[in-house]
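Student: One structure is given below, represented as structure tokens, and several questions about it will come after.
The values are calculated or read from the model by the stated rules, or taken from the named source; none is laboratory data. Every value quoted in this text rests on a predicted model; they were computed, and no experiment measured them. Every residue, glycine as well, gets a Cβ built from its backbone with ideal geometry; the counts of neighbours run over all protein chains shown.
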Amino acid sequence: MLGNFVLLGAGSILLVVFVSYVTGGFLERRINLFRPLAEKFKAPILKYNTFYQHLPLESKQRFEKKVKQFIYSKEFIARNLSEVTDEMKALISASAVQLTFGLPDVTLLHFDKILIYPDNYYSVINRQYHKGEVNPRMGAIVVSWQAFVEGYAEPYDGINLGIHEMAHALKLENIIQNGEQHFFDLEEYTRWIELAGEEIRRIRNGEESIFRKYASVNEDEFFAVCMEVYFEQPHKLFEENPELYKTLSNLLHQDTIRLYDKPSA
């Protein structure tokens, strides 16, 4: 009888410890969502994210709220790295929020894992080296940290790995049936497909284009490159193809030119 009591007591203690561990992590995440964005996350975003820098104060606060939601709803996984730093979490999350800022209910719900490599990595799937990729089967967004940093170090060259990979995830999220889908206006998206086809043909024919040659690989890559140019060279994109710019703006429910032309808060 005493032995059974001891075993029962030990089992109860283990159960309490386990429940405390699980609920403690849950409660911590919930509490953090109601707190202001921690300075350890906010500082690198303010330093490196041009989009955030141009936002007025009220919009900055909404941006920070979405960043918090992204950070605490994703699993950040180090690959060939000793750890995932707060700076990595902050800047990668901000790159996602940059695209979804005008879509308040979109959190890239399907993609709950963020894998971070120090540099280009070898993919066993297609036996090639990559700077980044999106894997819908795994629900994962993968980035090379070196390439990611280079994208934000040159904020106006139209090349940004973070924006590129988040654009792939966003396009997929629009069609994955999980309650977040179909946030792109169908009429605008249909028009974007038409404009994308025209531009891809121009690139393949060797005609001048604001988009680099890689954009002509397929519609998915064109969308990702489009987003890079939309956020880093919006004035140039509008001059070259105003209808394409307006279509992207309508899809995202934001206007980068208008934002960048306003004095920041």
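Student: Working carefully through the options LYS68, LYS47, LYS40, find the one that is modelled with pLDDT of 95 or more and either surrounded by 14 or more Cβ atoms within 10 Å (Cβ to Cβ) or touching a Gly at 6+ places or on another chain (Cβ under 8 Å) (or both).
Tutor: Working: LYS47 fails: either surrounded by 14 or more Cβ atoms within 10 Å (Cβ to Cβ) or touching a Gly at 6+ places or on another chain (Cβ under 8 Å) (or both); LYS40 fails: either surrounded by 14 or more Cβ atoms within 10 Å (Cβ to Cβ) or touching a Gly at 6+ places or on another chain (Cβ under 8 Å) (or both).
After applying the criteria, what remains is LYS68.
Student: Here's a follow-up. Going by the structure shown, is GLU207 more than 22 Å from the chain's Cα centre (by Cα) and part of a helix (DSSP H, G or I)?
Tutor: Judged against the criteria, GLU207 is not a match.
Student: May I pose another question? If LYS171 passes every condition in (1) out of contact with any helix residue (DSSP H, G or I) (no Cβ under 6 Å at 6 or more places or on another chain); (2) basic (Lys, Arg); (3) surrounded by 14 or more Cβ atoms within 10 Å (Cβ to Cβ) but one, which one does it miss?
Tutor: The failed condition is (1).
Student: Could we say that GLU75 is at pLDDT 95 or above, surrounded by fewer than 21 Cβ atoms within 10 Å (Cβ to Cβ), within 25 Å of PHE183 (Cα to Cα) and charged (D, E, K, R) here?
Tutor: Considered against the rule, which asks whether it is at pLDDT 95 or above, surrounded by fewer than 21 Cβ atoms within 10 Å (Cβ to Cβ), within 25 Å of PHE183 (Cα to Cα) and charged (D, E, K, R), GLU75 comes out as yes.
Student: A follow-up question, please. Only one residue in ALA224, ALA147 is in contact with a Leu (Cβ under 8 Å, 6 or more places away or on another chain), surrounded by 16 or more Cβ atoms within 10 Å (Cβ to Cβ), of a type outside the set (Val, Ile, Thr) and at pLDDT 95 or above. Which one?
Tutor: The match here is ALA147.
Student: Turning to a different aspect of this structure: Can you find, within the stretch 169-216, the residue that is farthest from ALA96 (Cα to Cα) among those that are hydrophobic (A, V, I, L, M, F, W, C) and free of Cβ contacts under 8 Å to residues at least 12 places away in the same chain?
Tutor: Per the criteria, the residue is LEU186.
Student: Can you tell me which of SER209, SER249, SER216 is out of contact with any Leu (no Cβ under 9 Å at 6 or more places or on another chain), hydroxyl-bearing (Ser, Thr, Tyr), surrounded by 16 or more Cβ atoms within 10 Å (Cβ to Cβ) and within 20 Å of THR107 (Cα to Cα)? Can you show your working first?
Tutor: Values: SER209 fails: within 20 Å of THR107 (Cα to Cα); SER216 fails: within 20 Å of THR107 (Cα to Cα).
Step by step, each of SER209, SER249, SER216 is checked, and only SER249 is out of contact with any Leu (no Cβ under 9 Å at 6 or more places or on another chain), hydroxyl-bearing (Ser, Thr, Tyr), surrounded by 16 or more Cβ atoms within 10 Å (Cβ to Cβ) and within 20 Å of THR107 (Cα to Cα).
Student: What pairs come out if I take residues in the stretch 54-68 that are closer than 16 Å to GLU39 by Cα and pair them with residues that are part of a helix (DSSP H, G or I) and not aliphatic (A, V, I, L, M) whose C-beta lies under 8 Å away, six or more apart or interchain?
Tutor: LYS60/TYR52; PHE63/TYR52; GLU64/LYS42; LYS66/THR100; VAL67/PHE41; VAL67/SER93; LYS68/ASN32; LYS68/PHE41
Student: Within the stretch 127-139, can you find the residues that are of a type in the set (Gly, Ala, Ser) and surrounded by fewer than 19 Cβ atoms within 10 Å (Cβ to Cβ)?
Tutor: Correct list: GLY139 only.
Student: Name the one entry in LEU15, LEU33 that is modelled with pLDDT under 95, surrounded by 11 or more Cβ atoms within 10 Å (Cβ to Cβ), more than 16 Å from TYR152 (Cβ to Cβ) and not charged (D, E, K, R).
Tutor: LEU33
Student: Restricting the search to the stretch 91-105, which residues are over 11 Å from the mean Cα position of the chain (by Cα) and crowded, with 17+ Cβ neighbours inside 10 Å?
Tutor: Once the filter is applied, which keeps residues that are over 11 Å from the mean Cα position of the chain (by Cα) and crowded, with 17+ Cβ neighbours inside 10 Å, the stretch 91-105 yields only LEU103.
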